[in-house]
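**Q** Here's a structure for you.
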Amino acid sequence: MIWGTLISAAADLAGGYISSKKEKAVAKQKLEVAKIEAQTTKALQDGEWEHEAIKATDGSWKDEFALCVLLAPAIAVYWVPEKVQAGFNVLASLPEWYTYLLFIAISSSFGIKGVGQAAKMLRKK
């Protein structure tokens, strides 16, 4: 009789342990699935945002203008290198915050997410 009680108690204890392990494994699996679903949702949202941003710039001339402004010094350096260098010296003297704003504005114009890169550049200083 005492052996039966001990065996029953041991079986209950082992069953509880196995049940607890199973619950932990299921919870861990649910957490991994939730993480994957969150990453998928974020990727879809980012893709939708980029798609909407591209649609919003259809027919816009600002991208072409920004590209011309960026290319102008590269072309002008062949004819007036001193003036181009002087212009870059003036740009180098601008406040850092303004330089980062230019970087972000032009990056976004071309559909590049530049805020993260600008933040990294700020942290390095």
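**Q** For segment 73-108, which residues satisfy the criterion of being among the β-branched types (V, I, T), more than 19 Å from K62 (Cβ to Cβ) and assigned to a helix (DSSP H, G or I)? Give the derivation first.
**A** Of segment 73-108, the ones among the β-branched types (V, I, T) are 75, 77, 80, 84, 90, 99, 104, 106.
Filter again for more than 19 Å from K62 (Cβ to Cβ), leaving 75, 77, 80, 84, 90, 99.
Listed by number, the residues that qualify are I75, V84, V90, T99.
**Q** Give the residues of segment 81-99 that are open to solvent by less than 60 Å² (accessible area, probe 1.4 Å) and either farther than 25 Å from S109 by Cα or in contact with a helix residue (DSSP H, G or I) (Cβ under 6 Å, 6 or more places away or on another chain) (or both), sorted by residue number.
**A** Within segment 81-99, P81, V84, A86 meet the criteria.
**Q** Is it true that some residue in segment 62-80 is modelled with pLDDT of 85 or more and either open to solvent by 100 Å² or more (accessible area, probe 1.4 Å) or of a type in the set (S, T, Y) (or both)?
**A** The answer is yes; a qualifying residue exists.
The values are calculated or read from the model by the stated rules, or taken from the named source; none is laboratory data. Source: prediction; values computed, not measured. Because the Cβ atoms are built from the backbone with ideal geometry, glycine has one as well, and the counts that use them run over all protein chains shown. Note: accessible area is taken over every heavy atom of the protein model, side chains too, but ligands, DNA and RNA are not part of it. Shrake-Rupley method; radii C 1.70, N 1.55, O 1.52, S 1.80 Å.
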